[in-house]
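Comments concern the structure below.
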Amino acid sequence: QVQLVESGGGLVQAGGSLRLSCAASISIFGTNYMGWYRQTPGKQRELVATIMWRGSTNYADSVRGRFTISSDVAKDTVYLQMNSLKPEDTAVYYCVAARAGNDYWGQGTQVTVSS
C-alpha cells in the first residue's frame, strides 16, 4: 500500500505563490510517475503536472510557465511550486503516484486564490 501525505495548501491572493508537498511512503524510484491533479465541485479531476523519476515533466497548458513540479528523491517527496496564481486555480489538489498499473491518491489539499 502506498501512502501519500500532502501539505502546503491555503488561501492566497491572486498573483501570489504557494508550494505544495507530497511525501510518499515508497521510493520515488519505485513509481512510474508522480504528479498533481486538481478538482473543483461538479467537475472532473484534471491533470496539473507529472514528473517521472528520471526527471521528465509534463504540464497542463493552463499552468505551464507558472507552476513547476520537482522531486527530492532523498526525501521521497514531490513538490508543486505555484506562482502567479489566479482565481481559476482554486481547487482541491491531489497528489498521485502511479505504480505497477495502479494509481494511488493523497487526501487532497485545498488551494483558494482570492481576486
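The values are calculated or read from the model by the stated rules, or taken from the named source; none is laboratory data. Worth saying up front: this structure is predicted, and the values here are computed from it rather than measured. Note: ideal-geometry Cβ built from the backbone for every residue, glycine included; neighbour counts use all protein chains shown. Accessible surface is based on the protein model in full, side chains and every heavy atom, while ligands, DNA and RNA are left aside. Shrake-Rupley method; radii C 1.70, N 1.55, O 1.52, S 1.80 Å.
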For residues that are aromatic (Phe, Trp, Tyr) and out of contact with any Phe, Trp or Tyr (no Cβ under 6 Å at 6 or more places or on another chain), tally how many sit in segment 1-57. 1
Of the residues in segment 22-80 that are aromatic (Phe, Trp, Tyr) and more than 19 Å from ALA91 (Cα to Cα), the one that is farthest from the chain's Cα centre (by Cα) is PHE29
In segment 1-35, the residues that are open to solvent by 40 Å² or more (accessible area, probe 1.4 Å), of a type in the set (Ser, Thr, Tyr) and assigned to a strand (DSSP E or B): SER7, TYR33
